[in-house]
Amino acid sequence: MPKIRTSRTAAKRFSVTKSGKVKFKHAYARHMFSAKSPKQKAHLRTTGILGKADAAKVRAMMPYA
């Protein structure tokens with residue numbers, strides 16, 4: 001039985017914590033900072049935790065993470 005391949009696109013965008021939660025980096029944090037408020041920029045710097053349904057989909061794409 002062959003191994004399941006990891007989705008490289010998912011592996012580059014998400015990481016799994018030791019407790020099994022899926023972390024992600026926020027979008028809209030790459031350019032045009034003069035148009036964003038300091039509060040918004042501070043929020044975008046933090047990592048987020050995916051919800052239960054989305055995390056299950058990501059874990060299916062990353063079977064060995």
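Structure summary
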{"quantity": "Footprinting exposure proxy for 6, 17 (fewest neighbouring C-beta atoms within 10 Å first)", "calculated": "17, 6"}
{"quantity": "Sites excluded, chymotrypsin sites (Phe, Trp or Tyr not before Pro) in DSSP loops with at most 16 other C-beta within 10 Å, longest stretch of the chain", "calculated": "29-63"}
{"quantity": "Cα long-axis angle, helix 52-61 against the chain (0 to 90 degrees, to the nearest 10)", "calculated": "60"}
{"quantity": "Proximal charge balance of residue 63 [Cβ under 9 Å; K/R count +1, D/E count -1]", "calculated": "+3"}
{"quantity": "Burial ordering of 62, 1, fewest other beta-carbon atoms within 10 Å first", "calculated": "1, 62"}
{"quantity": "Candidate values (i) 47, 15, 9; (ii) 29, 13, 8; (iii) 16, 13, 10, label of the one derived for semi-axes √(5λ) of the Cα gyration tensor in Å", "calculated": "(ii)"}
{"quantity": "Within the chain: Cβ-based charge dipole about Cα centre, in debye rounded to nearest 20 (Lys, Arg +1; Asp, Glu -1)", "calculated": "120"}
{"quantity": "Estimated inter-spin distance, residue 30 and residue 43, nm [label 7 Å along Cα→Cβ]", "calculated": "2.1"}
{"quantity": "Projected label distance in nm at residue 17 and residue 5, using a 7 Å step from Cα toward the beta-carbon", "calculated": "3.2"}
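Readers should treat all values here as calculations from the given coordinates under stated rules, not as data from a laboratory. The model shown is predicted, which means the values in this text are computed figures rather than measured ones. Here the Cβ is made from the backbone with ideal geometry for all residues, glycine too, and neighbour counts use every protein chain on show.
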